[in-house]
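These notes are about the structure you will find just below.
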Amino acid sequence: MTAYASIAFPLLLITAIVAQALWPAYRLMIVLAGAALSCAGASWAGLTTTAALFAGVPWNVLLILVALGLFAERLAASRLFGLASVQITRLARARPVAVMVLFALGTYLVSGVVNNLTALLVVLPVLLTVFTLVGVTQRYAVWTLGLMLVMCNLGGAATPIGDFPAVLLLGRGAMDFGDYLMGAAPPTLVAVGLLLAIVLLVVRPARDVPFSSQGQRLTLVLLAQLYRGVQVDQRLLWPCLGALLLMLLGWLVAPASWGLSPELVAWFGAGLALMARWREGEAALRRSVDVEAVLFLLALFLMVGVVRETGLFDRAAHLLTATTLSPTAQVVLFLVAAAVLTGLFSAGPSMAALLDVADVLARQQSPEAIYIGLALAVCAGSSLFLTAATSGPLTQALVERARLRDAHGAPIVFGFREFMPVGLLGFVVILGVAIARTLWVLG
């Protein structure tokens with residue numbers, strides 16, 4: 001029975017992950033069906049019980065994700081990010097190179113505070129409007145949009161609240177807020193600098209974009225007209241910023257004796273943001289909780305929990321550590337495998353599964369090096385393909401809806417194939433930084 005379980009349940013997990021990627025319209029039904037079959041099969045095989053599997057779900061991680069999602073919704077509702085995007089365009093004077101750089105850096109910063117989907121929803125509409133007014137080329141549009149997606153992933157990996165892998169490390173207690181921030185933010189900034197340097201100096205996608213001072217002035221005037229009546233909601237913004245400050249203080253400096261766990265801090269912070277406008281907060285609770293994401297992750301945790309019970313992850317870690325490779329080479333192999341698997345299966349499944357292997361490696365090597373290296377490797381894999389992160393299909397859909405055209409009237413296309421050069425560059429740079437940083441820490 002054990003041999004059967006060691007094959008059947010991992011195969012069921014892989015099948016569910018592949019199937020939901022192939023048929024995204026039915027992704028929730030697919031993973032929930034996979035979780036139900038896994039739980040039933042584990043009970044029948046005598047591996048564990050459904051109650052034990054549910055008890056092993058990291059509910060605190062799900063609570064953090066829900067709380068941060070609600071906080072991000074309230075902060076975005078203040079219109080801060082949308083108007084900041086307009087100011088970025090004005091600062092760039094609508095010049096193609098400046099627009100690319102400033103929007104990339106802005107996306108990186110925003111993604112460190114809110115999730116990637118929210119970051120793109122508040123920043124991308126302004127950029128697409130600029131593209132429509134300026135008349136960009138296919139090449140420039142692809143590289144600018146692709147660079148924004150990669151920056152989204154880097155910004156999410158830079159802080160413990162930016163993306164799921166970091167939240168999972170925080171919620172499981174593998175790392176605390178300050179250690180993760182100090183360990184992950186510097187290498188992501190290095191990756192940002194390298195990517196911008198390569199794109200601007202080697203790829204140079206802006207060189208063929210038509211630009212004139214008259215068109216520049218017209219773009220700025222039309223953009224000002226479009227956003228003339230839009231203002232920041234000060235009554236919502238300041239309570240949200242205050243809640244963010246209190247959350248950061250709670251995560252960074254609150255003594256452990258106070259019992260303020262990461263999920264409790266996120267809960268209170270989101271509550272303060274919601275109560276700033278209590279009627280709108282109640283409406284946000286009813287409409288803005290991402291039930292799909294919660295159910296997806298719940299199903300994923302259940303399937304991974306069943307596979308864990310088969311001992312597969314322990315055997316994988318044993319095989320890795322038992323190789324003739326040096327300990328540092330084992331870690332490098334692990335990071336490369338994590339990045340490739342993330343590119344194929346996306347960040348959620350890869351991080352949830354590989355964290356068990358990382359726990360074994362962390363008992364033999366520096367835990368900080370292993371966990372930060374894993375988070376950066378997952379970030380690299382999320383940047384490889386357009387489908388590797390949830391922000392990719394969203395960007396593709398928004399671009400298609402905008403019906404962009406270049407200066408000659410030809411439609412601008414942004415899809416899986418067009419993103420590949422950008423994704424490959426992002427993958428190589430981020431994974432290279434992850435490996436270099438890990439080797440440096442391990443000495």
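In table form, for the structure just shown:
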quantity: Positions within segment 247-261 being out of contact with any Gly (no Cβ under 6 Å at 6 or more places or on another chain), surrounded by 12 or more Cβ atoms within 10 Å (Cβ to Cβ) and in a helix (DSSP H, G or I), in sequence order; calculated: 248, 249, 250, 251
quantity: Filter result (of a type outside the set (D, E, K, R), in a helix (DSSP H, G or I) and free of Cβ contacts under 8 Å to residues at least 12 places away in the same chain) within segment 393-420; calculated: 397
quantity: Some residue of segment 268-278 being loosely packed, with under 13 Cβ neighbours inside 10 Å and out of contact with any Gly (no Cβ under 8 Å at 6 or more places or on another chain); calculated: yes
quantity: Condition check for residue 302: under 28 Å from the mean Cα position of the chain (by Cα) and crowded, with 21+ Cβ neighbours inside 10 Å; calculated: yes
quantity: Residue that is nearest to residue 314 (Cα to Cα), among those in segment 355-383 that are buried (at least 24 other Cβ atoms within 10 Å of the Cβ) and hydroxyl-bearing (Ser, Thr, Tyr); calculated: 371
quantity: Residue in segment 62-82 that is more than 30 Å from residue 181 (Cα to Cα) and among the charged types (D, E, K, R) present; calculated: no
quantity: Neighbours by Cβ (under 6 Å, 6+ apart or cross-chain): first from segment 246-259, closer than 18 Å to residue 270 by Cα; second at pLDDT below 85; calculated: 250/260; 254/260
quantity: Test: residue in segment 405-419 that is among the hydrophobic types (A, V, I, L, M, F, W, C) and closer than 27 Å to residue 319 by Cβ; calculated: no
quantity: 2 or more residues modelled with pLDDT of 85 or more and out of contact with any His (no Cβ under 9 Å at 6 or more places or on another chain): qualifying helices (runs of 4 or more DSSP H) within segment 264-365; calculated: 278-287, 291-309, 327-345, 347-362
quantity: Any hit, segment 47-64, residues being closer than 30 Å to residue 282 by Cβ, β-branched (Val, Ile, Thr) and crowded, with 22+ Cβ neighbours inside 10 Å; calculated: yes
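The values are calculated or read from the model by the stated rules, or taken from the named source; none is laboratory data. Since the structure is predicted, the reported quantities are computational estimates derived from the model, not experimental observations. Note: ideal-geometry Cβ built from the backbone for every residue, glycine included; neighbour counts use all protein chains shown.
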